[in-house]
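See structure below.
The values are calculated or read from the model by the stated rules, or taken from the named source; none is laboratory data. Predicted model only: the values in this text are computed from it and were never measured. Reconstructed Cβ throughout: ideal geometry from the backbone, glycine too, with neighbour counts over all protein chains shown. Accessible surface is based on the protein model in full, side chains and every heavy atom, while ligands, DNA and RNA are left aside. Shrake-Rupley method; radii C 1.70, N 1.55, O 1.52, S 1.80 Å.
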Amino acid sequence: MSDDLLYNDKAALRSRLLAARRALSPERRSTAAAAIAERALTLLPAGAVVAAYVSVGAEPGTRPLLDRLHRRGTRVLLPVLLPDNDLDWAAYQGPDRLAPAARGLLEPTGERLGPDAVTAADVVLLPGLAVDRRGLRLGRGGGSYDRVLARLTAAGATPLLVTLLYPEELLERVPVEPHDHPVHAVVTSDGVHRF
């Protein structure tokens, strides 16, 4: 497949998936976020360091999960978007320690730990729009998490890679490129799917 065709396939699929997310009712999003939190906790052992993210817009909600992890004392790292689209990291210190940032994101206000801090994570939650039955993830196309995955590989780090999705975003196939890494699991409101 040529690069242009692959790009067009990814762009069309991203557009369709984003439209479907925007069409979900607030009630469906809220119910899904609570169920995803409950199911995701089964993958996150006590004492694990978890690299997560704060969901925005119609993304599957992470706030209930972040709050539960914080209450149980789990060390959670959250991304801070850098000007070049790479990610720095800071510890999650609760919902009142998040601040608005570029692109509608919420970021932690604490000390910056550096882009390599993610290599200490036991579990990395990767945002995505879809994952296929091979575990291959379709992201938003910004490349931030491709850098995270490359950094983990370069460091020899092998955390559990997990994507949080709505059930209908687990697809038979997504378009992939040679640098795409599979995830180990997807958590939806319906359950945990391992690859």
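Only residues that are acidic (Asp, Glu) and open to solvent by less than 10 Å² (accessible area, probe 1.4 Å) were counted across region 164-178, and they come to 1. Taking the numbered list (1) in contact (Cβ under 8 Å) with a residue 60 or more places away in the chain; (2) under 13 Å from the mean Cα position of the chain (by Cα); (3) within 18 Å of Leu98 (Cα to Cα) in turn, Leu81 passes all entries but (2). Go through region 108-156 and report how many residues are farther than 25 Å from Gly57 by Cβ, of a type in the set (A, V, I, L, M, F, W, C), open to solvent by 10 Å² or more (accessible area, probe 1.4 Å) and touching a strand residue (DSSP E or B) at 6+ places or on another chain (Cβ under 9 Å). Residues that pass the stated criteria total 3. Would it be correct to say that Pro95 is in contact (Cβ under 8 Å) with a residue 60 or more places away in the chain, open to solvent by 10 Å² or more (accessible area, probe 1.4 Å) and either of a type in the set (S, T, N, Q) or closer than 19 Å to Glu59 by Cβ (or both)? So Pro95 does not fit the description; no. If you go through region 22-52 and keep only what is open to solvent by 10 Å² or more (accessible area, probe 1.4 Å) and in a loop (DSSP other than H, G, I, E, B), you end up with Ala23, Leu24, Ser25, Pro45, Ala46, Gly47.
Does any residue of region 54-72 turn out to be open to solvent by 40 Å² or more (accessible area, probe 1.4 Å), at positive phi and either modelled with pLDDT under 95 or outside any helix (DSSP H, G or I) (or both)? There is at least one residue in region 54-72 that is open to solvent by 40 Å² or more (accessible area, probe 1.4 Å), at positive phi and either modelled with pLDDT under 95 or outside any helix (DSSP H, G or I) (or both). Report, ordered by the first and then the second residue, all pairs with beta carbons closer than 8 Å, sequence separation of six or more or different chains, a first member in region 40-59 that is over 12 Å from Val162 (Cα atoms), and a second member that is open to solvent by 10 Å² or more (accessible area, probe 1.4 Å) and acidic (Asp, Glu). What qualifies is Pro45/Asp122; Ala48/Asp122; Val49/Asp122; Val54/Glu107.
Pairing each residue of region 20-38 that is polar (S, T, N, Q) with any residue that is surrounded by 15 or more Cβ atoms within 10 Å (Cβ to Cβ), provided the two are 6+ apart or on different chains, yields C-beta distances under 8 Å for Ser30/Gly61; Thr31/Ser189. Among the residues examined, Leu161 does not qualify as open to solvent by less than 50 Å² (accessible area, probe 1.4 Å) and not in a strand (DSSP E or B). Of all residue pairs spaced 6 or more apart or on separate chains, those with beta-carbon atoms under 6 Å, a first member in region 157-170 that is closer than 12 Å to Ser189 by Cα and a second member that is open to solvent by 30 Å² or more (accessible area, probe 1.4 Å) and assigned to a loop (DSSP other than H, G, I, E, B) are Pro167/Asp190.
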